[in-house]
């Protein structure tokens with residue numbers, strides 16, 4: 001281990017999320033094959049960041065590699081500093097909600113200044129969007145394992161399992177999810193991204209369960225599943241039953257209403273009704289809580 005002075009240019013300060021008050025500082029670095037990796041280490045009882053060289057163009061690259069959270073050190077994935085902050089921020093959502101304050105706490109968790117929240121132009125929505133996309137990735141891995149096990153083979157049962165699992169990822173944050181849904185819904189630019197995330201979620205589920213539609217059914221299946229998921233999600237944020245028992249009963253009824261997915265001949269009104277319903281329900285829920 002050696003000490004090297006790093007000159008942090010303003011651009012690098014922003015993209016690397018360092019957000020230091022000084023332009024020059026000393027960090028503990030380890031040079032290895034001209035690659036830079038971000039690692040958390042302890043130095044004089046303080047948490048600091050260790051940068052190991054990543055490229056020949058400069059000391060700090062916008063993409064850095066860090067130990068994957070909750071995994072062994074040997075299993076490393078490349079992540080941006082923004083992703084690291086947001087992943088840590090989720091730890092603080094139960095207390096602070098999907099807010100910029102949670103983002104600040106996430107930055108401080110990895111040894112950065114709380115001012116790092118300033119690099120997220122969309123504020124709290126960036127945290128919500130990260131959570132949604134990260135949950136979709138978790139669902140993809142879950143479905144893949146479920147299919148490989150071969151215990152569930154019918155498409156309808158796989159789809160139900162996928163929806164149930166995806167909803168369980170929200171439940172640790174259920175107290176704050178109505179507000180998160182409002183942020184996704186009531187701001188037009190956020191709504192467009194959120195609808196895209198929802199449709200990608202439904203496409204992901206259909207693709208993994210083996211749907212090979214190439215006609216109009218490709219669209220109707222995904223739009224109909226989106227309506228089922230969204231209405232169930234809305235029901236869940238109001239559900240007071242033990243372990244969300246009523247939510248899963250509601251889901252089963254929606255799936256029964258649809259019948260066999262291969263015979264669905266729905267249209268865009270399904271999703272439109274779900275979106276309109278979400279606006280009404282969210283307003284009511286938020287008004288009650290206020």
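The values are calculated or read from the model by the stated rules, or taken from the named source; none is laboratory data. Everything numeric in this text was worked out from a predicted model, so none of it was measured. Quick reminder, even Gly has a Cβ in these numbers, built from the backbone with ideal geometry, and neighbours come from all protein chains shown.
Points worth noting:
- In the set (1) at pLDDT below 95; (2) assigned to a helix (DSSP H, G or I), residue 121 fails one condition alone, (2).
- Test: residue 153 is more than 18 Å from the chain's Cα centre (by Cα) and closer than 30 Å to residue 254 by Cα: yes
- Residue pairs meeting the criteria (Cβ under 7 Å; at least 6 apart or on separate chains; first under 13 Å from residue 174 (Cα atoms), in the stretch 88-110; second surrounded by fewer than 18 Cβ atoms within 10 Å (Cβ to Cβ)): 93/173; 94/172; 94/173
- Residues (in contact with a helix residue (DSSP H, G or I) (Cβ under 9 Å, 6 or more places away or on another chain) and either modelled with pLDDT of 90 or more or closer than 14 Å to residue 207 by Cβ (or both)) located in the stretch 143-155: 143, 144, 146, 147, 155
- For the criterion of being part of a helix (DSSP H, G or I) and either surrounded by fewer than 17 Cβ atoms within 10 Å (Cβ to Cβ) or outside the structural domain of residue 205 (by TED's automatic domain parsing) (or both), residue 153 fails.
Yes or no, residue by residue, for (1) assigned to a helix (DSSP H, G or I); (2) under 20 Å from the mean Cα position of the chain (by Cα); (3) modelled with pLDDT of 95 or more; (4) surrounded by fewer than 17 Cβ atoms within 10 Å (Cβ to Cβ):
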{"position": "141", "(1), (2), (3), (4)": "yes, yes, yes, yes"}
{"position": "157", "(1), (2), (3), (4)": "yes, no, no, yes"}
{"position": "176", "(1), (2), (3), (4)": "yes, yes, yes, no"}
{"position": "191", "(1), (2), (3), (4)": "yes, yes, no, yes"}
{"position": "199", "(1), (2), (3), (4)": "yes, yes, no, yes"}
{"position": "210", "(1), (2), (3), (4)": "no, no, no, yes"}
